[in-house]
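Inspection log for the structure reproduced underneath, given as structure tokens.
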Amino acid sequence: MPINQESQELQEARRILALFDKQPFKPEGVSKLADALFALSDLRDLSDNEHERNVARNLFDTYARKAEENAGHLLSDFDSIPDEDVEHWLTVMKEFEHF
């Protein structure tokens, strides 16, 4: 693979992140974020391509911050959050413990 060509795995992670960006406060978006972070953590830790590891690390860090910001936004009005949204955010936060 040429130095700056992205693997299918990284392209798929970017596609999933775009889905999250369309629905950042919805359970579907949160679920997509968890999937993308999992894929990015593998790429960050296991890719043979240094450029790809760096891109995966940067995307992971950026979207981890976005997740924290979104969680803070949701928690600012906790009583209005549907239970299913809270459950999805708890799932995502548990995933962060593994990274």
*In nm², what is the average projected area of the convex hull enclosing the Cα atoms of region 8-98?*
5.4
*Could you calculate the contour length gain from R15 to R57, that is, 0.36 nm times the residue separation minus the distance between their Cα atoms, to one decimal place in nm?*
13.5 nm
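Quick note: the coordinates plus some simple rules give every number you see, no bench work behind them. Since this is a predicted model, take the numbers as computed values, not measurements.
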